[in-house]
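Working notes, structure below.
The values are calculated or read from the model by the stated rules, or taken from the named source; none is laboratory data. The model shown is predicted, which means the values in this text are computed figures rather than measured ones. Neighbour counts run over all protein chains shown; Cβ positions are idealised from the backbone, glycine included.
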Amino acid sequence: MSPRTRLALFCAVAATSLGSAAAVWAATSSHSAAATSSKSQYNIVAGKQDYRTYCGQCHALAAALAAGFGGVGKFGEDGGPSFDDLKVSAGLCIIAITEQFGGHEVIVRKMNWTQIHDVSAFVQAATINHPIVAKISDG
């Protein structure tokens, strides 16, 4: 193989390798940016206010100044679990809000998806350092 052919072959392989690496880097960077922007689109301040409006009368959470004991004529009369010791993920929060049990069938009709996501982001941020990981239960 002549030196020119070897040089041309080397340049072609190098260009292909660099192109592939650049494509992987670009895909990874745009995916990270998309993940960051999707997380930052939720309004935790609005989530705290919505938590107090829709959730706090049944679910205690000190970060929201919510006592959570229920009340006659409110969304729920019996109250729900306190989140003061539970670590609640946003995903679990969304599932719990949208499931049709324990008063949530009323709440889900009153909240829009933006409010549900804002509340979920707030609850996750407020409970991130709590010791007990929350799980869905039937009681």
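At a glance:
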item: Answer from Gly80, Gly103, Gly91 - the residue that is under 11 Å from Tyr54 (Cβ atoms) and small (Gly, Ala, Ser); result: Gly103
item: Residue check for Val119: touching a residue at least 60 places away in the same chain (Cβ under 8 Å) and crowded, with 20+ Cβ neighbours inside 10 Å; result: yes
item: Residue in segment 99-117 that is in contact with a His (Cβ under 8 Å, 6 or more places away or on another chain), modelled with pLDDT under 90 and not hydroxyl-bearing (Ser, Thr, Tyr) present; result: no
item: Hits in segment 75-124 - residues which are acidic (Asp, Glu) and assigned to a helix (DSSP H, G or I); result: Glu105, Asp118
item: Single residue of segment 92-106 satisfying the filter (out of contact with any helix residue (DSSP H, G or I) (no Cβ under 7 Å at 6 or more places or on another chain) and β-branched (Val, Ile, Thr)) that is farthest from Ile116 (Cα to Cα); result: Val106
item: Count of segment 46-60 residues which are under 11 Å from Phe122 (Cα atoms) and buried (at least 20 other Cβ atoms within 10 Å of the Cβ); result: 4
